[in-house]
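The values are calculated or read from the model by the stated rules, or taken from the named source; none is laboratory data. Computed from a predicted model, the values in this text were never measured in an experiment. Note that each Cβ is placed from the backbone with ideal geometry, even for glycine, and that neighbours are counted across all protein chains shown.
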Amino acid sequence: KLVAQQTQSNSNSSSITMDQPVKLAKVNKVLGRTGSTGGVTQVRVEFIDDPNRSIVRNVKGPVREGDILSLMEWEREARRLR
C-alpha cells in the first residue's frame, strides 16, 4: 500500500517537533481536488488505532481509497470544499 505524507493547510509548522509520534490513518473516501492547480486532494481518513474517529485532511500527491497516511499532526481538520 502507498504511504503518503499529509500536507500542512498553512505555513505554520513551528508546532511540529521531531519527538511527536506519527499516527496512521486509512483513506475512507476521496472528497475532491483543491488548490489553485488541483494538486491537493481532500480525503476523509479513519485512524487505525481509533476506528470510530475520522477527520478530513488535505493530501499532496497521488492518493486513493484504502491508502495508509502517516499524519504528523492529527488534531487539526481541513476546511471543507465549496
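Worth pointing out:
- The set of residues from the range 40-65 being assigned to a loop (DSSP other than H, G, I, E, B) and surrounded by 16 or more Cβ atoms within 10 Å (Cβ to Cβ) comprises just one member, Val63.
- One residue stands out among those in the range 66-80 that are at pLDDT 90 or above and over 19 Å from Gln20 (Cβ atoms): the one that is surrounded by the fewest Cβ atoms within 10 Å (Cβ to Cβ), which is Gly66.
- Residue, modelled with the highest pLDDT, within the range 20-39, restricted to residues that are under 15 Å from Ser70 (Cα atoms) and assigned to a loop (DSSP other than H, G, I, E, B): Val22
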